[in-house]
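> Below are the structure tokens for one structure; questions will follow.
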Amino acid sequence: MNKREVKDLAVGVGFLAPNILGVICFTMIPLVMSVIMAFSDWDLTKHNMFLDNELKFVGIDNFTKLFETGDFVRYLGNTLFFMIGIPLGMGGSLLAAILLSQEVKGSSRQVWGSVFASFIFILSICLLVLLGLGQSAMIILIVGIVGLIAVIGMTTGVNGYRTLFYTPHFTAGVATYILWKKMYNKESGVINNAIRDPLMSFAEFNQALSPSVMQGAAVLLGLVFALIIYKVSTHWGQMWIDGELGTMAWIICNAFVFIPVITSYFWSPLGFTKWIIAALGAFLLIVNFIRYFTKGRDFNCDSFAGAELAIVFALIILGILFLLVGLSAVTFNLPAMTQDGVLLPPDWLFEYSWAKPALMIMGLWGAIGSNNMLLYLAALTNVPQSLYEAADIDGANAVQKFWNVTWPSLAPTTFFIFVMSTIGGLQGGMEMAKTMTGGGPGGATTTLAYFIYVEGFETGRLGYSAAISWTLFALVFTVTMINWKFGNKQGE
Amino acid sequence: MKNLFITIFTILSVASVGTYMSLPEKKSVVPIIYWVTDANPERVRQVEVFEKWQIDNGHLGPDGGPAVKVMVDTDNGGHKKIIQGVSGVAADVMDIGGNQLNYFKQMGFLENITEIAEEKGFSYKTTWPAISELLTEVNPETGLREQYLYPCNIGASALWVNKNAFTRLGLEPPSTLITIEEFEKLAKEFSKRANEGLKSKKFFISANIERSILARGEGVSMFNETMTSTNLLHPSYIESNKRYIRWINEDRILPSPSDMASFSSESGYGGGNIQLFMKGNFATTYTGRWGLIAMRRSGALDLDVIVPPHNGFPNTKAGTRAAAVYKGSKHKKEAYLFMEFLASREYSQTIIDGADAMPPLPESTKDDSYSKPAKYPSEWAVHDKCADFLAKYAIVSEDSPYVLGTVCERYEAKAYDKALNKLDSLENAYEEAHSLIEKEIQYNLEQNKALSKQYDEDLLLQAKIDEYRKAGKKVPLSWIKNPFYQRYYAAMGWLTEEGK
């Protein structure tokens, strides 16, 4: 190494030193210490600079203890529940990105016409609110805001919409959570105020119907559920035969959609419709699987070929199936819920069965207007126009173009977003739980991240807390490995 | 590139030196101590009085001003104190309160102030006997009581009554020693009359009452006499909590968490409960004398204060926000001076004037400035009662040496929450909580042999107590470790002569 190179090296190291030191002091050392903690009885009431108790290594005791009380499994379940929203959020981001990639600016006459109409409309609403129109004004106000957004779009073009959609990402987490807490308020929240009257009207309407009508509707939803399972399993089976989907990938996809089938069997609110959902769903899935398997493949491919896109698709279907199960349960129970002619809006954050969905809906709102949307926007601009032109020549309609051109072209981005969202989902929920629900009611919204925090600081048992953290890390690491295996392949 | 690097390095170095030089310690000619406390507006005045007190008592700095300056810092539920405390960089003086006292004592970073407290006059013996146990700990080796804390203020939580809320509905306000049955009857009537014609309930008898006090009022505490096991499965304990859940879910005389959130009132010191009490949504509020800080801002109310409802054993909880000197402090001498100030008449007077709970010195409550503050005649009925409750009815929390209070509270609260949300019966939920706490106890005993020995001795004592009680025989006070049962047994006449 000559003098010049040594000098360059010194300058380079000088530049890097602050960062390297920071990483060593604030990341590497704590990381190593947390490994030691996880396998020891490290406890703040026994081990700190003022106490000279010997640190004992306890092997995997802290890890086995995770499964003794059932808390860990329960809170992992909560964390996974919140993650059901990820595919839906991704779908929302994609939809938003597609919409935001269209040019929407209106003509001058349209713009000024809309501005004037909206101004008059909003002014009227303000007057109505001031005159005490109350709850109904809230619905009109929301419609007014939607009108205002339309005006912004027409005057500023797509950039205005892009800014509006990205707003959730600018907003500080805690401020957002407090705002949503107010919106979810049972008595005075904007959501319940908006749905209270429609629910009451619906309850009266529903009371006039025979209970069998609603139960019939629940059965219909169950049939839709089974139909979706049949369609997707047929789609994957055909892909497997054509050599577009590997055997393992095919099995994984089918396993994913099997989750809501199994869950619905054990979910009592579904009543007898669970037999349609669980039995028919399982039957169609298994029969389709066996049918294609016994047919044999026309073309062979790698075991995991096509896994990345198919898994993301399977997860989106999983989200939709869970939604259908939920809707079916609500429909089935509506006659009982409205027997007094009253249907009250939910107590979003303080009712055990609603707290989790409430937080998930809030998460969806944040996820749609997040970096995912920007990533999709960027990815959409990279789709070669020649593909769309070729599709146009072939006479493809908008849906066919999306399905055969846009969706496959976005596969690497979709997979990347999915993996990053999963990692974020596993690690998240701490601020949300602390600010909005304190982990309740009855532990319904306690996530693993919040559990780590509570264990670490309320009991001082850092060893146990570190064991939870490392178990969480193992889950995140597994997801990262999946990304590494399939994400790289996509990149290639 | 080199020049850029040097420029950035120079800017950062100058900024670092500038930041260091701007630290309060660098500007001050006298030592500065940091006091971590709650975000109470009264703290500013208390610091001013401390500085004046130093000047009056000859504790002067080189500039003729006070010898020590205090910087107030706030905390987020104790976590900052824990992280800084175990890391060696905590504030010189820290306030600790509630269920964290035992936890902090166990972490070993509070200075043992037994000797200096005796010498400088801030011994625990100078303050209210009801809270002695919270300020001290018995050394298992010597058997002597060692002091770690001195109170900044003391609380005997009680039900504060807005008499107008009752009289405007044609109801008699509750009496000082109301029974649970009377309270329930009154609360139902209040709820019925106050909410008449309303779509949803807006008026409740109170925001909450501490459940453990209601259970104690039935003669049962969360732990047994020797604190070796929980009483969660005791029929009276279960009944008491079941009733509380019924009050919320069925009788609707207490608000549910959802009702509380619907009020959307969280502003101001003391939180939303006191604001809603002042507005009349709650006819009573469960708080300490410190609640007056917020009440005084909202105007005069016709106030009374009563002991929480009971079923034979009226009681309330004694608590303290107590100050401790950090073991790793570089300014211990100055911190002791601050503790000395906390035991002064001047400090107690600031607590009295500011209504920041009860003052550390009991004798200061004998004064008219305490019982009849000239500016607040509407409060004259309550101050003497507060002092009386602290002396007669207040008992500290039962903190078992075998398991952390924070852990027990979490398991108990989780079980209660399950039952409140109708996810499980209270019996099942408490059974699970009981078994989890027992597991925690066993875990702690495995880790600590000395504790295990003490536990075995206490188990034998418990067996003897149970046997004596079954036979209707009296037991010596020294057998009982639970502060609640010490008082309860005395009140029931179950102690031997030695015990009385």
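The values are calculated or read from the model by the stated rules, or taken from the named source; none is laboratory data. Values in this document were obtained by computation on a predicted structure and should not be read as measured data. We place every Cβ from the backbone using ideal geometry, glycine too, and count neighbours over all the protein chains shown.
For every residue, the table says whether it meets (1) touching a Cys at 6+ places or on another chain (Cβ under 6 Å); (2) free of Cβ contacts under 8 Å to residues at least 40 places away in the same chain; (3) farther than 23 Å from B:Ser348 by Cβ; (4) not β-branched (Val, Ile, Thr).
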position	(1), (2), (3), (4)
B:Ser369	no, yes, no, yes
B:Phe389	no, no, no, yes
B:Val403	no, no, yes, no
B:Thr406	no, no, yes, no
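> Go through region A:302-353 residue by residue and tally those that are within 30 Å of A:Leu285 (Cβ to Cβ) and within 14 Å of another protein chain (Cβ to nearest Cβ).
Residues flagged as within 30 Å of A:Leu285 (Cβ to Cβ) and within 14 Å of another protein chain (Cβ to nearest Cβ) within region A:302-353 amount to 1.
> Tell me whether region B:181-195 contains one or more residues that are modelled with pLDDT under 95 and over 30 Å from B:Gly312 (Cα atoms).
yes
> Next up: With the condition kept exactly as written, say whether any residue in region A:166-188 is hydrophobic (A, V, I, L, M, F, W, C), more than 14 Å from chain B (Cβ to nearest Cβ) and either under 30 Å from A:Ala305 (Cα atoms) or surrounded by 17 or more Cβ atoms within 10 Å (Cβ to Cβ) (or both). Break it down stepwise before answering.
Kept after step one, since they are hydrophobic (A, V, I, L, M, F, W, C), are these residues of region A:166-188: A:170, A:172, A:174-175, A:178-180, A:183.
Restricting the remaining residues to those that are more than 14 Å from chain B (Cβ to nearest Cβ) gives A:170, A:172, A:175.
Adding the requirement that they be either under 30 Å from A:Ala305 (Cα atoms) or surrounded by 17 or more Cβ atoms within 10 Å (Cβ to Cβ) (or both) leaves none.
No, that holds for no residue.
> Only one of B:Ser348, B:Ser262 is of a type in the set (S, T, N, Q), under 30 Å from B:Leu171 (Cα atoms) and either modelled with pLDDT of 95 or more or part of a helix (DSSP H, G or I) (or both); which? Don't jump to the end; show me each part of the working.
Working: B:Ser348 fails: under 30 Å from B:Leu171 (Cα atoms).
Checking each option against the conditions leaves just B:Ser262.
> Across region A:435-478, what is the number of residues that are hydroxyl-bearing (Ser, Thr, Tyr) and not in a helix (DSSP H, G or I)? Quick ask: steps written out before the conclusion?
To start, the set of residues in region A:435-478 that are hydroxyl-bearing (Ser, Thr, Tyr) comprises A:435, A:437, A:445-447, A:450, A:453, A:459, A:464-465, A:469, A:471, A:478.
Still in the list and also not in a helix (DSSP H, G or I): A:445-447.
Residues flagged as hydroxyl-bearing (Ser, Thr, Tyr) and not in a helix (DSSP H, G or I) within region A:435-478 amount to 3.
> Only one of B:Leu177, B:Leu134 is at negative phi, in contact (Cβ under 8 Å) with a residue 12 or more places away in the chain and assigned to a helix (DSSP H, G or I). Can you tell me which? Lay out the reasoning, then the answer.
Working: B:Leu177 fails: assigned to a helix (DSSP H, G or I).
Checking each option against the conditions leaves just B:Leu134.
Here's the yes/no breakdown for (1) within 14 Å of chain A (Cβ to nearest Cβ); (2) in contact (Cβ under 8 Å) with a residue 60 or more places away in the chain; (3) closer than 24 Å to B:Ile116 by Cβ:
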| residue | (1), (2), (3) |
| --- | --- |
| B:Glu340 | no, yes, yes |
| B:Arg345 | no, no, yes |
| B:Ser348 | no, no, yes |
| B:Thr365 | no, no, no |
| B:Glu412 | yes, yes, no |
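> Applying the selection to region A:421-458, what residues are farther than 29 Å from B:Met107 by Cβ, in contact (Cβ under 8 Å) with a residue 24 or more places away in the chain and away from chain B (no Cβ under 14 Å)?
Hits for region A:421-458 are A:Ser421, A:Thr422, A:Ile423, A:Gly425, A:Leu426, A:Gly428, A:Met432.
> Filter region B:358-395 for residues that are of a type in the set (Phe, Trp, Tyr) and in contact with a Lys or Arg (Cβ under 7 Å, 6 or more places away or on another chain) and give the result.
Our first condition is that a residue be of a type in the set (Phe, Trp, Tyr); within region B:358-395, this holds for B:370, B:376, B:380, B:389, B:393.
Hits for region B:358-395 are B:Tyr376, B:Trp380.
> Right, next: Condition test on B:Val89, is it within 14 Å of another protein chain (Cβ to nearest Cβ) and either in contact (Cβ under 8 Å) with a residue 40 or more places away in the chain or loosely packed, with under 10 Cβ neighbours inside 10 Å (or both)? Spell out how you get there, then give the answer.
On the way: within 14 Å of another protein chain (Cβ to nearest Cβ): yes; either in contact (Cβ under 8 Å) with a residue 40 or more places away in the chain or loosely packed, with under 10 Cβ neighbours inside 10 Å (or both): yes.
Yes.
> Here are some residues: B:Lys375, B:Lys439, B:Lys449. Which one is surrounded by fewer than 18 Cβ atoms within 10 Å (Cβ to Cβ), over 21 Å from B:Asn315 (Cβ atoms), modelled with pLDDT of 90 or more and basic (Lys, Arg)? Talk me through it step by step, then tell me what you get.
Details: B:Lys375 fails: modelled with pLDDT of 90 or more; B:Lys449 fails: modelled with pLDDT of 90 or more.
On inspection, the qualifying residue turns out to be B:Lys439.
> Quickly run through region A:26-84 and pick out the residues that are within 14 Å of chain B (Cβ to nearest Cβ), in a loop (DSSP other than H, G, I, E, B) and of a type in the set (Phe, Trp, Tyr).
Passing the criteria: A:Trp42, A:Phe50, A:Phe67.
> Which one is nearest to the other protein chains (Cβ to nearest Cβ) among residues in region B:1-16 that are exposed (fewer than 10 other Cβ atoms within 10 Å of the Cβ) and among the hydrophobic types (A, V, I, L, M, F, W, C)?
Result: B:Met1.
> Among the residues of region A:465-486, which ones are among the small types (Gly, Ala, Ser) and surrounded by 17 or more Cβ atoms within 10 Å (Cβ to Cβ)?
First, the residues of region A:465-486 that are among the small types (Gly, Ala, Ser): A:465-467, A:469, A:474.
If the condition is that a residue be among the small types (Gly, Ala, Ser) and surrounded by 17 or more Cβ atoms within 10 Å (Cβ to Cβ), then A:Ser465, A:Ala466, A:Ala467, A:Ser469 are the ones that fit.
> A follow-up question, please. Might you let me know whether region B:52-75 holds any residue that is modelled with pLDDT under 90 and within 18 Å of the chain's Cα centre (by Cα)?
Yes: region B:52-75 contains one or more residues that are modelled with pLDDT under 90 and within 18 Å of the chain's Cα centre (by Cα).
> Exactly one condition in (1) in contact with a Ser or Thr (Cβ under 8 Å, 6 or more places away or on another chain); (2) at pLDDT below 90 is false for A:Phe416; which is it?
All conditions pass for A:Phe416, except number (1).
> Within region B:332-364, track down each residue that is among the hydroxyl-bearing types (Ser, Thr, Tyr) and either within 19 Å of B:Val72 (Cα to Cα) or crowded, with 22+ Cβ neighbours inside 10 Å (or both). Walk me through it before giving the result.
So in region B:332-364, the residues among the hydroxyl-bearing types (Ser, Thr, Tyr) come out as B:336, B:344, B:347-348, B:350, B:364.
B:Tyr336, B:Tyr347, B:Ser348, B:Thr350, listed by residue number.
> Can you tell me which residue is surrounded by the fewest Cβ atoms within 10 Å (Cβ to Cβ) among those in region B:131-144 that are closer than 16 Å to B:Glu118 by Cα and at pLDDT 90 or above?
So the first thing to find is which residues in region B:131-144 are closer than 16 Å to B:Glu118 by Cα, and the list is B:132, B:135-137, B:144.
From what is left, the residues that are at pLDDT 90 or above are B:132, B:135-136.
Details: B:Ser132: 16, B:Leu135: 27, B:Thr136: 22.
Of everything passing the filter in region B:131-144, B:Ser132 is surrounded by the fewest Cβ atoms within 10 Å (Cβ to Cβ).
> I would also like to ask the following. Would you please list the contacts, defined by Cβ atoms under 8 Å and residues six or more apart or on different chains, that run from a residue in region B:449-462 that is under 26 Å from A:Glu54 (Cα atoms) to a residue that is exposed (fewer than 15 other Cβ atoms within 10 Å of the Cβ) and not acidic (Asp, Glu)?
Final answer for the pair search is B:Ala450/B:Pro140; B:Gln454/B:Pro140.
> For the structure I just gave you, tell me whether B:Gly108 is in a loop (DSSP other than H, G, I, E, B), touching a residue at least 60 places away in the same chain (Cβ under 8 Å) and either buried (at least 22 other Cβ atoms within 10 Å of the Cβ) or within 14 Å of another protein chain (Cβ to nearest Cβ) (or both).
Values: in a loop (DSSP other than H, G, I, E, B): yes; touching a residue at least 60 places away in the same chain (Cβ under 8 Å): yes; either buried (at least 22 other Cβ atoms within 10 Å of the Cβ) or within 14 Å of another protein chain (Cβ to nearest Cβ) (or both): yes.
Judged against the criteria, B:Gly108 is a match.
> Residues of region B:463-491 being touching a residue at least 60 places away in the same chain (Cβ under 8 Å) and exposed (fewer than 15 other Cβ atoms within 10 Å of the Cβ), which ones?
Matches in region B:463-491: B:Ala491 only.
> Mind listing just one residue for me: the one in region A:46-78 that is surrounded by fewer than 22 Cβ atoms within 10 Å (Cβ to Cβ) and of a type in the set (Ser, Thr, Tyr) and, of those, modelled with the lowest pLDDT?
Selected residue: A:Thr69.
> Then there is this: Considering only residues that are closer than 30 Å to B:Tyr489 by Cα and touching a strand residue (DSSP E or B) at 6+ places or on another chain (Cβ under 6 Å), look in region B:310-331 and name the one that is surrounded by the fewest Cβ atoms within 10 Å (Cβ to Cβ).
First, pick out the residues of region B:310-331 that are closer than 30 Å to B:Tyr489 by Cα: B:310-322.
In the following step, the residues that additionally are touching a strand residue (DSSP E or B) at 6+ places or on another chain (Cβ under 6 Å) were identified as B:315-316, B:318-322.
Working: B:Asn315: 25, B:Thr316: 27, B:Ala318: 27, B:Gly319: 24, B:Thr320: 27, B:Arg321: 22, B:Ala322: 26.
Only one residue fits best here, namely B:Arg321.
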